[in-house]
Amino acid sequence: MTSQSAATLRSRYVAQAASDLEENRRRQKELEERLSVLKQEEALLADILTLAERYEGFADASRLPEQVQDEPAVAKAKAPTRAAARRSAPAKSATTTTAPKAGAKGKSHQPLLGDLLAELLGRYEEPRPAKELRDELLKKHPDRNPTPQVVRNTLESLVAKGRIRRHKEQRSVMYTLVERNSG
């Protein structure tokens, strides 16, 4: 093997290693972004499990909120003790400060997603689909970027709490805010 062919072979190895390294870093970044989304969904699902546990004692349908009576029952949570552990690892975003968080929730500096969605729904008389609510949320709160599934899950948790009402029109699901009576 000549020194010229050895140098050519070496430069090919270097180029391939550099390309592989670049691809590896790109895939790591994709996985980090996906992990962040999964952590947000995990926190929401933990909250939904907690909510399901609260309604577990409502065996009598007349005691359930009006909206839930016509809907299928939420499956009973199998591991309620995991919910607290999940909430102890909140998802980090690019806008999260490095200051230590006070209290168990630690998210008091931002309004809850459910509160933001309920506020958006309160501006409309007619039912709104989850997709439109998410699009409007992204416009009004560019620092928030929940996935469509997180928005739907949050809306469903608000339905279970009796704060909003679900409407089914053919294959579409729409939501409206439940009016609070002062009496």
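The values are calculated or read from the model by the stated rules, or taken from the named source; none is laboratory data. The structure displayed is predicted, hence computed values, not measured ones. Glycine gets a Cβ as well: all are built from the backbone with ideal geometry, and neighbour counts include every protein chain shown. Side chains are part of the model used for accessible areas, which takes the heavy atoms of the whole protein and leaves out ligands, DNA and RNA. Shrake-Rupley method; radii C 1.70, N 1.55, O 1.52, S 1.80 Å.
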Checklist entry - To the nearest 10 Å², what's Y13's accessible area with a 1.4 Å probe? => result 150
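With every protein chain kept in place and ligands, DNA and RNA left out, what is the accessible area per residue of the stretch 141-183? Probe 1.4 Å, answer in Å².
Details: 2750 Å² over 43 residues.
With the other protein chains kept in place, the stretch 141-183 gives 64 Å² per residue.
Sort 161-167, 20-26, 135-141 by packing, meaning the average of other beta carbons within 10 Å per residue, with the highest value first.
On the way: 161-167: 17.9, 20-26: 10.0, 135-141: 13.9.
So the peptides 161-167, 20-26, 135-141, ranked by packing, come out 161-167, 135-141, 20-26.
For the ranges 120-131, 28-39, 147-158, what's the packing order if you count other beta-carbon atoms within 10 Å of each residue, average per peptide, and put the highest first?
Working: 120-131: 14.6, 28-39: 11.6, 147-158: 19.5.
Peptide ranking by packing, descending: 147-158, 120-131, 28-39.
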Checklist entry - M1: net charge of surrounding residues, Cβ under 15 Å, Lys/Arg +1, Asp/Glu -1, itself excluded? => result +2
Checklist entry - R0 = 30 Å: FRET efficiency of E32 with S5, Cβ-based, nearest 0.05? => result 0.15
